[in-house]
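S.K.: Okay, handing you the structure first.
Readers should treat all values here as calculations from the given coordinates under stated rules, not as data from a laboratory. All values derive from a computational prediction rather than experimental measurement. Here the Cβ is made from the backbone with ideal geometry for all residues, glycine too, and neighbour counts use every protein chain on show.
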Amino acid sequence: MDVESPKVVCPVCKGSCDMEESLTAQSNQNVIFECPTCGYERRNIQTSKG
């Protein structure tokens, strides 16, 4: 079964990309977002677990 990856929308350029391409989970439960289109980066995004 081929399931499409969830999409993430960049808050700056509004481009969408696969979640695997733009989000990185850290060991301290934070997440890093990096937009492959415009290069925008946001670090230490708090999750509901951390």
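S.K.: Could you check the simple spin-label distance between ARG43 and SER5, using points 7 Å along Cα→Cβ, in nm with one decimal?
M.R.: 2.3
S.K.: Please check the chain for the longest run free of trypsin sites (Lys or Arg not before Pro) that are loop-located per DSSP (anything but H, G, I, E, B) and have at most 12 other Cβ atoms within 10 Å. Numbers along the way, then the final one.
M.R.: Values: sites that count: LYS14, LYS49.
Of all site-free stretches, the longest is 15-48.
S.K.: Which GluC sites (Glu not before Pro) from the chain combine a DSSP loop assignment with at most 13 other Cβ atoms within 10 Å? Intermediate results must be reported in sequence, preceding the final value.
M.R.: Values: sites: GLU4, GLU20, GLU21, GLU34, GLU41; in loops: GLU4.
Qualifying residues, ordered by number: GLU4.
S.K.: Just from its helices, what would the mean residue ellipticity at 222 nm be for the chain, if runs of 4 or more DSSP H residues each count -39500 (n - 2.57) and the sum is divided by every residue, rounded to the nearest 500 deg cm²/dmol?
M.R.: Values: 1 runs with 4 residues, N = 50.
Calculated from helices alone, the mean residue ellipticity at 222 nm is -1000 deg cm²/dmol.
S.K.: Moving on. For the chain, evaluate the Debye formula with one uniform point scatterer on each Cα (no solvent term) and list log10 I(q)/I(0) at q = 0.25 Å⁻¹, rounded to two decimals.
M.R.: Relative scattering, expressed as log10 I(q)/I(0), comes to -0.94.
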